[in-house]
Structure formats: structure tokens, C-alpha cells
1. Can you give me the Cα centroid spacing of the stretch 21-95 and the stretch 98-164 in angstrom?
2. What is the distance, in nm, between label points placed 7 Å from the Cα along the Cα-to-Cβ direction at residue 60 and at residue 15?
3. Just to be sure I understand: of the beta bridges DSSP finds with both ends in the chain, what percent are antiparallel, rounded to 5?
4. Over the stretch 11-168, what is the relative contact order in percent, taking alpha-carbon pairs closer than 8 angstrom and at least six residues apart?
5. Helix-only mean residue ellipticity at 222 nm, the chain, DSSP H runs n ≥ 4 weighted -39,500 (n - 2.57), per residue, nearest 500. What is it?
């Protein structure tokens, strides 16, 4: 690995600049959630699609980290879209007419339980920002990134203040 480049695997954690980062790869697929992941020696005989979903065991592993400053997710958590922004999602293939159905409850459970300062996610290939309330005093910034072909909407850079605040500056 390169300097300052960390592989988190399907689920993993690393501390960077004093910030705990937890990452969970994959999307929610009900039919794959409760089953064990295929063994590595079966990879060549299986479709790549057999590996795109996260499992219950992986969510439990992530919950075991107890807390985090930054949560990296492929899939979007449920209930992160402000109803005032619903119109932005009308043309999204996965959410057409149902902005409130975007995301999944397991990713949201990670947000609620780990209470990160920042959640970064992708999957829908749409740039979106929001701030959600976890408690009356605790808020999480949501940063959803577009696909690479979208250019600047696929990138976010953050600043860590001396007081530990994380803010996006691009």
C-alpha cells in the first residue's frame, strides 16, 4: 500500500489524524443479508454480483466499533433526504417518485449507533449534502458523491479544525 492509503476490506477501521474512520462496503440485498459470504476459493466460479451486498455479520462487525468520527458507506442510509429536496430525486433510477425509500435501514442503523460527525456514501451516483439530527445536540453531516464521470461532484475534500470539527471545503 501507498503512504496514507488504507485498505478497509468489507468492513474495517483506521485512525487518521486522530479521527476514527469506519468503512462498510456493499449494498443491501435482502436475499443475501442473512447468508454467509461465499468462500474466497469460489470467487472464480461465481458472478461478481454475488459479492456486492453486505451481510448481517458485516453490519454486526461494524456496530462492534462502538463509535466513529467518519463513516464510509457505499450504500446510502435511509431517511437522509430532506423532503424539501425530494424533487431532485425524481429522475433517479432507484428512487423515482419515492425519495423517502432511498437508502436502507441497516446503513441508517450504523449512523444512529456509531454517531459519526460525517457520513460519506456513493451508490446512487448523485451528489447530495444534508445535515441530519441524531439527538437534540448531535448532528451528522451527510456527503453523498456522484460517479467519477460526473467530475467534481465525485470528489469531496474536508478540513479538520484544531477543535476537531470536520468541514467540507470543496
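None of the figures in this text is laboratory data; all of them are computed from the coordinates on show. Model, not experiment: these values are computed from the prediction. Cβ placement follows ideal geometry from the backbone for every residue including glycine, while neighbour counts extend to all protein chains displayed.
1. 14 Å
2. Output for this residue pair reads 2.7 nm.
3. Working: 15 of 28 bridges.
The antiparallel proportion sits near 55 percent.
4. The normalised contact order for the stretch 11-168 reaches 18 percent.
5. Values: 3 runs with 22 residues, N = 170.
One gets -3500 deg cm²/dmol as the mean residue ellipticity at 222 nm.
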